Structures are given as C-alpha cells and as structure tokens.
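First comes the structure, then the notes that go with it.
The values are calculated or read from the model by the stated rules, or taken from the named source; none is laboratory data. Just so we're clear, the structure is a prediction, and the values are computed from it rather than from any experiment. Here Cβ is always computed from backbone atoms with ideal geometry, including for glycine, and neighbour counts include all displayed protein chains.
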Ligand code: FES
C-alpha cells in the first residue's frame, strides 16, 4: 500500500464513514484517484471498490485520470456561452486534440468544462492553473496555448 494512502486512511481510523474525506485528501496529495488507489482504499476500509466508485462518481470534484501539468478550465455558464465560449472551446479542442475531461498525450495540458466561475463581467472566461483569464478571444486562446507549448519546450531544453 502506498504510504500516502496508509497515512490518510489511518488518520481516519479506517472508518468507511470518512470515505469522502479520505478520497478528498488522497486526491489533494496525488492529483487524482487511480485504480490502484481505489483498490487500496477498498482493502483498507474493507468495502468494495464498486461502493467507492459509486460514491466518488456522484461528486464531480473527483478525478480518475491523471491531470496534466497545466489545467485549462473553460466556463460554460450562460454569460460565457452568450459571449462565445463555444467557439473558444473548439479552438482548445482542435489545438490540443483532446475533449474536455482529457489530458494531452504528452501529459502537458488537461481541459475541463466548468459551470459559472462567478466573474461573468469578464465573460468569456477561462482559468489557466488557477489564474483567471477574462474577455477571451480566439486569438488570446491561441496565444495562451502557444505560451504553454513554449514553456514546455523550454523545460525540455533544460532537462
Ligand atoms: S458564466 Fe462564465 S463566469 Fe459566469
């Protein structure tokens, strides 16, 4: 069993009633809930994996795929939709070659669709790694993606 799983489960006294807290804490540590992690939690709490999936899939906060190094969230709320978030989503999808909920094959970028981010005056809005980008256009979206590619190639040159 991974140390992080053991520590968190022990902290909650192997109590199945603490399942959601356990899942949240492990996801905070690991970025997502892998199949292996779900198996280990099931063993430790003596409950079935399907019960854990049943609980975890009910909440949108839980991720089962490893997130990318960078995360782009695009708001799909009404104000952003009216201000043209769909064409921006198309730019993201065609450029990254992934659908929302996925990560690029190089592990660099994850794409997610989210509900209103509460800053509708800035619509259409995206979030890149927790930084809000408002009044996005197709050009500024392409620039954002180019800067991520540049950052990645600089990091690769350094390695
Ligand atoms: S609808 Fe996008 S921030 Fe509110």
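So here's what we get for this one:
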quantity: Long-range neighbours under 6 Å by Cβ, at least six apart or interchain, first residue touching a residue at least 24 places away in the same chain (Cβ under 8 Å) within the range 142-159, second part of a helix (DSSP H, G or I); calculated: 145/95
quantity: Filtered residues of the range 111-120 (kept if touching a residue at least 24 places away in the same chain (Cβ under 8 Å) and either within 15 Å of the ligand (Cβ to nearest atom) or not assigned by TED's automatic domain parsing to the domain that holds residue 143 (or both)); calculated: 112, 113, 114, 115, 116, 117, 120
quantity: Given (1) away from the ligand (no atom under 16 Å from the Cβ); (2) assigned to a helix (DSSP H, G or I); (3) touching a helix residue (DSSP H, G or I) at 6+ places or on another chain (Cβ under 9 Å); (4) modelled with pLDDT of 95 or more, number of the condition residue 47 does not satisfy; calculated: (2)
quantity: Tally, over the range 68-90, of residues that are part of a loop (DSSP other than H, G, I, E, B) and within 15 Å of the ligand (Cβ to nearest atom); calculated: 4
quantity: Cβ-Cβ under 8 Å pairs, at least 6 apart or on other chains, the range 122-136 side under 10 Å from residue 71 (Cα atoms), far side part of a loop (DSSP other than H, G, I, E, B) and within 10 Å of the ligand (Cβ to nearest atom); calculated: 127/117
quantity: Test result for residue 150, modelled with pLDDT under 95, over 22 Å from residue 31 (Cβ atoms), outside the structural domain of residue 38 (by TED's automatic domain parsing) and not in a strand (DSSP E or B); calculated: yes
quantity: Unique match (being outside the structural domain of residue 27 (by TED's automatic domain parsing), surrounded by 12 or more Cβ atoms within 10 Å (Cβ to Cβ) and modelled with pLDDT under 95) among 84, 101, 134, 77; calculated: 101
quantity: Criterion (closer than 13 Å to residue 2 by Cβ, at pLDDT 95 or above and either surrounded by 16 or more Cβ atoms within 10 Å (Cβ to Cβ) or touching a helix residue (DSSP H, G or I) at 6+ places or on another chain (Cβ under 7 Å) (or both)) met by exactly one of 38, 52; calculated: 38
quantity: Of all residues making up the range 96-110, the number that are touching a residue at least 40 places away in the same chain (Cβ under 8 Å) and either in a loop (DSSP other than H, G, I, E, B) or within 13 Å of residue 66 (Cα to Cα) (or both); calculated: 5
quantity: Which listed residue, of 135, 93, 65, 97, is more than 16 Å from the chain's Cα centre (by Cα) and more than 16 Å from the ligand (Cβ to nearest atom); calculated: 97
quantity: Criterion violated by residue 86 - all others in (1) farther than 30 Å from residue 136 by Cβ; (2) free of Cβ contacts under 8 Å to residues at least 24 places away in the same chain satisfied; calculated: (1)
